[in-house]
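The values are calculated or read from the model by the stated rules, or taken from the named source; none is laboratory data. As the structure is a computational prediction, the values presented were derived from the model and not from experiment. Heads up, the Cβs are rebuilt from the backbone with ideal geometry, glycines too, and the neighbour counts pull from every protein chain shown. Accessible surface areas use protein heavy atoms only, side chains included; no ligands, DNA or RNA. Shrake-Rupley method; radii C 1.70, N 1.55, O 1.52, S 1.80 Å.
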Amino acid sequence: MSLNDVLPQPLEHHALDDLPWWQRAIFYEIAPISFQDSNGDGKGDLPGLISRLDYLDWLGVSAVWLTPVFRSPMRDFGYDITDFCDIDPLFGTMQDFDRLLELLHQRGIRLILDFVPNHTSDAHPWFLESRSSRSSEKRNWYVWANACEDGGPPNNWLSRFGGSAWEWDELTEQYYYHSFLLEQPDLNWRNPELRRAMADVLRFWLRRGVDGFRVDASAVLAEDDLLRDDPPDPNANATTPPPQRLKRIFTDDRRESMGYLEEIRQVLDEFENRVLVGEVQGKTDRIGHFYGEARPRLHLPLNFLLLDSSWDALSLQANIDAYQNAIPTAAWPDWVIGGHDKKRVASKIGQPQSRILAMLLLTLRGTPFLFAGDEIGLEQASIAPNQVTDPFEKLVGGYGLNRDPQRTPLRWDATPKAGFTTGVPWLPIGDSATERNIDRLKSDKHSLLWLYRRLIELRNKEPALVAGDYVPIRSVHDILTYGRAYKGVNLIVALNLMHQPRRLKWSGHGTLQLSTYLDRQGETIYGPVVLRPDEGIVIKQTKE
Ligand code: GLC
């Protein structure tokens, strides 16, 4: 088998420079509260983040996505906002923000912000005004409905964070709708005035120079206007968290929401070179939809398949294919291996296979996204019951939904507070912090951290890894195998998913570009290759 066997015709390729920056970029998600504290309050902030920019440079990431830094009572990690156009004092000031943006841009690193269109905090002035009376001029900026005949909520819709999605308001004697916490009332996107206000929020940041947004909960902007009840989910059982026991037919992924995403995109397109990334709930077979049809929606609907897949060569091969089938031919793919809502993948697949995941992420066709800490193999931290901060866990406990374990502070060094803070860290630093921290891994040239760095380097210098076609190759013997082909350059990626050695059947000639063991570089490969336990390799094919 060689790549030429599977790829008979050379394809037309775009020059690398013609690709928009976000197709070439490597995104790094930062939750500032957990990145670096500068003032000893135990919570990370923007000056702290600024003091760590050399690290981002060293690692080689080219875009940062910041989770919300806006004014907020912080009931949901900043996703409950009281002012979309100001920085919360917890994180610093607008001057700090502008400085961060400027310094990142000086280093050639882009910055995207979280845009939270679905809801505000219940302490947002808009909501205070809206709830003040039924005749308030902002009444219709949120979703209000009358009680049903028995006085109960208007219908059976459930909050994702537990209980009814409707909250009774004594003063005006109506219910308001909240997809998430009752302190996060949903905005009414059917109202054009609200949509104009939100468009201005986008323009505010775009004019300041941000490179785009990650749209939070982008599938849930509109709910059914007939308030039809959601049906039970036939797959739910006693172990299913109660908020997930209905199928969200009438609250999620509605046609109207797609229209609103198109409007958001139009605002973005008033500016040059910006990107719209989006959190989309749901199944792979719906993801293509979020790119848009006649009118564009998101550039990059976030794809969590690598995280959600079973960890074996055949499942991964199938999931990669299913995803590619599910997106439009011209759509650009993306791959996410971590996030503030997702369990740390290293805890699921273990440290040795985390190296395989790193190579997979950085050699697939599509924009890679990692969450700060993934590059050192951070695992789920154990959180004692009295340390829980996540409202999701507090309200729907006992189902393993707590998101605190993946949100613990980044470890910079082996000191007791990991170099993160001089105060009391807002979440525990976690286990084995003296072993698994950035300093330590940086001093070991064979560490996972170095592997990330080398993979990023390789991706940046090898156009086939960015702009090349993805060439499927049949995976056998537990080795996930595929090719990348660009202007006559053929790369083979072979990833051993097992803790035992495996033999890669291959009949070509090539040079080994990189092994996950960070050795063997430059070795000539001729014919079959033995992969060591948990070893992945990238080979560049050469003429026989
Ligand atoms: C998104 C965020 C999540 C938050 C929720 C409500 O899913 O990623 O962290 O809790 O929206 O805003």
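Classify the range 75-198 as rounded, prolate or oblate from the Cα gyration tensor: take a ≥ b ≥ c as the square roots of its eigenvalues, call it rounded if a/c is under 1.5, otherwise prolate when a/b beats b/c and oblate if not. Walk me through the intermediate numbers first.
Working: a/c = 2.73, a/b = 2.23, b/c = 1.22.
Prolate.
Gap in Å between the Cα centre of the range 52-131 and the Cα centre of the range 258-273?
For the range 258-273 versus the range 52-131, the Cα centre distance is 20 Å.
Calculate, for the range 154-306, the solvent-accessible area per residue in square angstrom, rolling a 1.4 angstrom probe over the heavy atoms of the protein chains. Mind showing how you got there, number by number?
Values: 6250 Å² over 153 residues.
Normalised by residue count, the accessible surface of the range 154-306 is 41 Å².
Each residue of the range 68-84 in order: what ³J(HN,Hα) in whole Hz does its phi give by Karplus 6.51 cos²θ - 1.76 cosθ + 1.60, θ = phi - 60°, with x for Gly and Pro?
x, 10, 7, 4, 6, x, 6, 7, 9, 6, x, 7, 10, 10, 9, 8, 5
Give, rounded to the nearest 20 debye, the magnitude of the charge dipole that the chain has about its Cα centre when Lys and Arg contribute +1 at Cβ and Asp and Glu contribute -1 at Cβ.
Values: 61 positive and 76 negative charges, 380 e Å.
Charge dipole, the chain, about its Cα centre: 1820 debye, nearest 20.
For Pro296, what is the net charge nearby, where nearby means another residue's Cβ is under 13 Å from its Cβ and Lys, Arg count +1, Asp, Glu -1?
Values: positive: Arg265, Arg274, Arg295, Arg297; negative: Glu262, Glu263, Asp269, Glu293.
My count for the surroundings of Pro296 gives 0.
Taking the Cα centre of the range 35-89 as origin and charging only Cβ (+1 Lys, Arg; -1 Asp, Glu), how large is the dipole, in debye to the nearest 20? Each step should come with its number before you reach the end.
On the way: 4 positive and 10 negative charges, 17 e Å.
The dipole magnitude comes to about 80 debye.
Return P(r) of the chain (all Cα-Cα pairs; 10 Å bins starting at 0; whole %; ordered from short to long distances).
Using 10 Å bins, I get a P(r) of 3, 17, 28, 26, 17, 6, 2, 0, 0 for the chain.
Accessible area per residue, 1.4 Å probe, Å², for the range 10-79: what's the number? Write out the running numbers ahead of the final one.
On the way: 2470 Å² over 70 residues.
With the other protein chains kept in place, the range 10-79 gives 35 Å² per residue.
Sort 392-398, 173-179, 184-190 by the packing proxy (mean of other Cβ within 10 Å over each peptide's residues), most packed first. Let's see the in-between values first.
Working: 392-398: 16.6, 173-179: 20.9, 184-190: 23.3.
Peptide ranking by packing, descending: 184-190, 173-179, 392-398.
Return the carbon/sulfur percentage of the accessible area of the range 342-461, one whole number, probe 1.4 Å, all protein chains in place.
On the way: 2350 of 4490 Å².
Reported share for carbon and sulfur atoms: 52 percent.
As a quick test, which of the pairs Lys247/Lys283; Lys505/Lys540; Lys445/Lys505; Lys461/Lys487; Lys342/Lys505; Lys283/Lys343 have an alpha carbon distance above 24 angstrom in this structure?
Numbers: Lys247/Lys283 12 Å; Lys505/Lys540 16 Å; Lys445/Lys505 30 Å; Lys461/Lys487 14 Å; Lys342/Lys505 36 Å; Lys283/Lys343 18 Å.
Exceeds cut-off: Lys445/Lys505; Lys342/Lys505.
Assuming 0.36 nm per residue, please report the length gained on full extension of the stretch His446 to Asn191 beyond their Cα-Cα distance.
Values: separation 255, 0.36 × 255 = 91.80 nm, distance 5.54 nm.
Full-extension gain reported as 86.3 nm.
Given points 7 Å out from each Cα along the Cα-Cβ axis, report the Glu129 to Asn386 separation in nanometres with one decimal.
4.5 nm
At what distance in angstrom do the alpha carbon centres of the range 30-50 and the range 276-306 lie from each other?
Value for the Cα centre distance between the two parts: 31 Å.
Please work out the FRET efficiency for the pair Thr93 and Ser310, using the Cβ-Cβ distance as r and a Förster radius of 51 Å; give the result to the nearest 0.05.
Step by step, r from the Cβ atoms, then E = 0.65.
Per-residue counts of other Cβ atoms within 10 Å, averaged by peptide: what ranking do you get for 238-250, 108-120, 512-524, highest first? Please report the intermediate quantities before stating the final value.
Numbers: 238-250: 15.2, 108-120: 23.0, 512-524: 16.9.
Descending mean neighbour count gives 108-120, 512-524, 238-250.
What are the residues whose amide H is under 5 Å from the amide H of Gly42, where those residues sit 5 or more places off or on another chain and H is modelled from the backbone?
Excluding prolines and chain starts, which carry no amide H, the hits are Thr422, Gly423, Val424.
So how far apart, in nm, are the two label points at Gln244 and Tyr526 if each is 7 Å from Cα heading toward Cβ?
Using points 7 Å along Cα→Cβ, the separation is 5.3 nm.
Based on the alpha-carbon gyration tensor of the range 171-221 and its eigenvalue square roots a ≥ b ≥ c, which shape applies: rounded if a/c is under 1.5, prolate if not and a/b is larger than b/c, or oblate? It would help to have the intermediate numbers written out before the result.
Working: a/c = 2.67, a/b = 1.90, b/c = 1.40.
The shape class here is prolate.
Considering only protein heavy atoms and a 1.4 Å probe, what is the carbon-and-sulfur percentage of the accessible area of the range 134-200? Don't skip to the end; give the middle numbers.
On the way: 1310 of 2890 Å².
Within the range 134-200, the accessible surface is 45 percent carbon and sulfur.
Need one number: nm distance between label points at Asp225 and Asp169, each 7 Å from Cα along Cα→Cβ, rounded to one decimal.
Label-label distance for Asp225 and Asp169, simple model: 2.0 nm.
Which one of Trp311, Ala331, Ser347 is farthest out on the positive end of the charge dipole of the range 277-435, using unit charges on Cβ (Lys, Arg +1; Asp, Glu -1) and the Cα centre as origin?
Ala331
Leaving out same-chain residues fewer than 8 places away, which aspartates and glutamates sit with a Cα under 17 Å from that of Lys394?
Asp76, Asp80, Glu183, Asp341, Asp404
Residues in the range 15-43, backbone N under 16 Å from the label point at Trp332 (7 Å along the Cα-to-beta-carbon vector): list them, ranges by number please.
Label zone hits: 15-28.
Relative contact order for the range 1-141: what is it in percent, counting Cα pairs under 8 Å that are at least 6 residues apart?
Working: 186 pairs, mean separation 26.9, N = 141.
After rounding, I find 19 percent.
Provide the per residue accessible area, probe 1.4 Å, for the range 435-506, rounded to a whole number of square angstrom.
Accessible surface, normalised per residue, equals 41 Å².
Only Lys, Arg, Asp and Glu count, each charged at its Cβ (+1, +1, -1, -1), so figure out the dipole size of the range 361-447 about its Cα centre, rounded to 20 debye.
160 debye
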